[in-house]
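Remarks on the structure that follows.
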Amino acid sequence: MTLENLLAGSGSEILTIGTSRDGGEYTIELAGELDLSGVTRASEAFNAALDSGAPAIVLDLRGLEFLDSTGVHAILRAERRASAERRSFIVVRGPRQVQRIFEISGVVDRLTFSDA
C-alpha cells in the first residue's frame with residue numbers, strides 16, 4: 001500500500017490517501033477530510049487508478065471524517081470515466097456524516113455503494 005499525506009487548510013487537517021492493487025481490483029482508501037484543499041490530490045489518485053487499466057476501482061471512504069461538494073464532484077467524475085470505460089467503480093460507505101453528504105446532494109443513486 002502506498003500512503004500520501006496532504007496537509008490542508010491551516011495545516012491541522014490531513015487527508016491520507018492509500019492505494020493498493022490486488023489482481024484486477026485497484027483500491028483507494030481515503031482518511032481524514034476530503035475538501036477543496038485535498039481534492040486535487042484525491043483526483044490524481046482516482047486518475048492513477050483509472051490509468052492503471054484495472055477493471056475494478058474500489059473507493060474506500062470508511063476512514064473519511066468530512067466530505068464537501070468538491071469531493072463529491074471529484075468522485076462523480078471518476079465514476080463517470082470508469083463507466084465510460086466499462087469498468088466497475090464501487091464506493092465503500094463512509095461514516096454516517098460522510099454518507100449523508102451523498103444523500104443531501106441527491107447523488108446517492110448514481111453511485112454503487114458497498115458496506116465493505
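Rule-based calculations on the coordinates, nothing more; no lab input. On a predicted model such as this, the values are computed, not experimentally measured, just so you know. No Cβ is skipped: glycine too gets one built from the backbone with ideal geometry, and neighbour counts run over all protein chains shown.
Working from the alpha-carbon coordinates of the chain, get Rg over Rh, Rh being the Kirkwood radius.
On the way: Rg = 13.0 Å, Rh = 13.9 Å.
Reported Rg/Rh (Cα atoms, Kirkwood Rh): 0.93.
Which order do the peptides 30-36, 80-86 take when ranked by the mean count of other beta-carbon atoms within 10 Å per residue, highest first? Don't skip to the end; give the middle numbers.
On the way: 30-36: 21.0, 80-86: 13.0.
In descending order of packing, they fall as 30-36, 80-86.
Expected output is a single nm value to one decimal: the length gained when fully extending between Thr16 and Asp109, i.e. 0.36 nm times separation in residues minus the C-alpha distance. What is it? Intermediate results must be reported in sequence, preceding the final value.
Working: separation 93, 0.36 × 93 = 33.48 nm, distance 2.64 nm.
That works out to 30.8 nm of additional length.
Under the Karplus relation 6.51 cos²θ - 1.76 cosθ + 1.60, θ = phi - 60°, what is the ordered set of whole-Hz ³J(HN,Hα) values for the stretch 101-106, x standing for Gly and Pro?
Taking θ as phi minus 60°, the curve returns 4, 4, 5, 4, 7, x Hz for the stretch 101-106.
For the chain, what relative contact order do you get, as a whole percent, if you take Cα pairs closer than 8 Å and at least 6 residues apart?
Numbers: 216 pairs, mean separation 24.8, N = 116.
About 21 percent, as a whole number.
Under the rule of -39500 (n - 2.57) per DSSP H run of 4 or more residues, summed and divided by the residues of the chain, what mean residue ellipticity at 222 nm is obtained, to the nearest 500 deg cm²/dmol? Walk me through the numbers before you get to the answer.
Details: 3 runs with 38 residues, N = 116.
That comes out to -10500 deg cm²/dmol.
Which of the peptides 66-74, 104-112 is most tightly packed, and how do the rest follow, judged by the mean count of other Cβ atoms within 10 Å per residue? Working shown, then result.
Details: 66-74: 18.4, 104-112: 12.4.
In decreasing order of mean packing, 66-74, 104-112 become 66-74, 104-112.
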